[in-house]
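The values are calculated or read from the model by the stated rules, or taken from the named source; none is laboratory data. Please read these numbers as outputs of a predicted model, since none were measured by experiment. Positions of Cβ are backbone-derived with ideal geometry, glycine not excepted, and every protein chain shown enters the neighbour counts.
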Amino acid sequence: MPDHRIFPSMMRQKSRSLSRRDVLALTTSAALVAASPLRAQSAPLSVVASTGMIADVARVVGGGAVQVQALMGPGIDPHSYRQTRSDIVALTRADLVLWNGLYLEAQMQDFLRKLAERTPVFAVGEAVPHDRLIAHQDYDGKFDPHVWMVPDLWAHVVRAVQDALTAAASDRADLFIANADTYLAQLDRLGTYAAGVLGTVPQPSRVLLTAHDAFGYFGRAYGFEVLGIQGISTESEAGLGRIRALVDLLVQRDIKAVFVETSVSDRNIRALVEGAAARGHNVQIGGELFSDAMGPLGTYEGTYLGMIDHNATTIAAALGGQVPPRGMDGKLRAGL
Ligand code: ZN
């Protein structure tokens with residue numbers, strides 16, 4: 001039997017209904033408990049995370065008690081990423097593996113599910129309560145995986161990482177709680193900043209057109225209509241018909257800016273801008289957004305806080321809102 005005290009929030013979910021996801025999570029928590037005595041108390045916990053966003057949470061919450069590696073760096077598309085040979089070595093040696101789940105890492109999930117039989121593996125994106133997830137438009141029982149786009153949702157993931165770290169290194173539980181509490185206060189402030197600047201965008205301009213449907217949660221939280229050329233995954237190609245329909249919409253609605261994403265080719269977005277220009281409608285590229293990967297390592301934009309600050313500030317500025325010159329704390333790269 002899994003130790004139910006480890007994941008009280010999960011047990012609350014279980015009392016509502018026992019979904020396949022819950023069973024998976026409980027199985028994982030059992031593996032975590034089983035694995036924890038193997039670690040020497042002083043050694044840092046070796047954590048491997050799929051995306052940079054999850055790795056960032058693990059670094060912040062784990063502090064000096066963890067050593068964290070992200071498999072996917074800046075500009076990497078998680079929908080199509082497949083584990084490399086060196087990833088497999090890192091994953092099999094890790095004390096703890098964290099991934100988003102919700103079918104984000106579509107090409108890795110079979111490998112990770114298999115790995116979960118012998119290593120603690122935890123899908124932290126699945127800690128977001130079901131009633132706050134957006135259902136996938138094409139597949140029953142699937143959800144939009146882009147839960148990092150809104151700090152308020154990402155807070156559930158911070159707690160899930162805290163729980164996973166605590167299960168793997170229970171002697172450091174107090175440290176993990178304290179770090180998570182501090183970080184959640186920063187996320188709260190970030191969410192308030194994002195809502196503030198995005199709230200200054202004039203109502204008719206609140207249309208966010210990007211390369212793929214990564215901004216569904218963002219749109220819902222901040223009152224933007226969101227249009228992606230590709231769907232929730234980048235795996236499906238956008239047809240010419242889709243491009244033509246979006247050009248019509250840009251012209252009809254007089255939309256002035258569209259956005260490229262760092263982890264998706266800008267080919268389709270450029271086709272849109274050219275298509276609109278051919279119809280005499282001038283559309284700008286409003287900037288580059290961090291959709292499914294963070295900015296360069298070692299920069300502010302290469303942290304979760306910087307990523308969301310950049311996105312909110314860039315979108316608000318390009319669509320006619322009022323923003324401070326370099327974002328929430330004056331830390332964003334100049335030249336926005
Ligand atoms: Zn995506």
- Message: Considering only residues that are surrounded by fewer than 17 Cβ atoms within 10 Å (Cβ to Cβ) and away from the ligand (no atom under 16 Å from the Cβ), which ones fall in region 257-276?
- Response: Arg267, Arg270, Glu274
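Each row is one residue, and each column tells you yes or no for (1) within 16 Å of the ligand (Cβ to nearest atom); (2) within 19 Å of the chain's Cα centre (by Cα); (3) within 28 Å of Ala94 (Cβ to Cβ).
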position: Trp154; (1), (2), (3): yes, yes, yes
position: Arg159; (1), (2), (3): no, yes, yes
position: Ala168; (1), (2), (3): no, no, yes
position: Gln230; (1), (2), (3): yes, yes, no
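Residue-wise test of (1) outside any loop (DSSP other than H, G, I, E, B); (2) within 20 Å of Phe218 (Cβ to Cβ); (3) within 18 Å of the chain's Cα centre (by Cα).
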| residue | (1), (2), (3) |
| --- | --- |
| Gln252 | yes, no, no |
| Ile255 | no, yes, no |
| Val260 | yes, yes, yes |
| Ser265 | no, no, no |
| Ala277 | yes, no, no |
- Given (1) within 16 Å of the ligand (Cβ to nearest atom); (2) touching a Ser or Thr at 6+ places or on another chain (Cβ under 9 Å); (3) more than 16 Å from Ala318 (Cβ to Cβ); (4) modelled with pLDDT of 95 or more, where does Ile177 come up short, assuming only one miss? (1)
- Restricting attention to region 258-271, does a residue exist that is in contact with a Leu (Cβ under 6 Å, 6 or more places away or on another chain), assigned by TED's automatic domain parsing to the domain that holds Val207 and over 24 Å from Ile76 (Cα atoms)? no
- Query: Conditions: (1) more than 20 Å from the chain's Cα centre (by Cα); (2) hydrophobic (A, V, I, L, M, F, W, C); (3) not assigned by TED's automatic domain parsing to the domain that holds Ser233. Leu332 meets all but one. Number of the miss?
  - Reply: (1)
- Looking at Arg206, Arg172, which one is in the same structural domain as Phe224 (by TED's automatic domain parsing), basic (Lys, Arg) and either more than 16 Å from the ligand (Cβ to nearest atom) or farther than 14 Å from Val47 by Cβ (or both)? Arg206
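Has region 64-73 got at least one residue that is more than 15 Å from the ligand (Cβ to nearest atom), under 22 Å from Ala180 (Cβ atoms), out of contact with any Cys (no Cβ under 8 Å at 6 or more places or on another chain) and in a helix (DSSP H, G or I)?
yes
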- Message: Being within 16 Å of the ligand (Cβ to nearest atom) and closer than 20 Å to Val323 by Cβ: is that true of Ile285 here?
- Response: no
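Just to verify a result, which residue in region 202-234, among those that are part of a strand (DSSP E or B) and aliphatic (A, V, I, L, M), is surrounded by the most Cβ atoms within 10 Å (Cβ to Cβ)?
From region 202-234, those part of a strand (DSSP E or B) are 207-212, 225-230; that's our starting set.
Within this subset, residues satisfying the condition of being aliphatic (A, V, I, L, M) are 207-209, 211, 226-227, 229.
Working: Val207: 20, Leu208: 27, Leu209: 22, Ala211: 25, Val226: 19, Leu227: 19, Ile229: 23.
Applying the filter and picking the extreme gives Leu208.
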- Task: Check Asp140 against each of (1) modelled with pLDDT under 95; (2) within 16 Å of the ligand (Cβ to nearest atom); (3) acidic (Asp, Glu) and name the one condition it does not meet.
- Result: (2)
- Somewhere in region 74-85, is a residue within 16 Å of the ligand (Cβ to nearest atom) and over 17 Å from Ala106 (Cβ atoms)? yes
- Message: Here are the criteria: (1) of a type in the set (D, E, K, R); (2) more than 28 Å from Asp56 (Cβ to Cβ); (3) in contact with a His (Cβ under 8 Å, 6 or more places away or on another chain). Tell me which single one Glu225 does not satisfy.
- Response: (3)
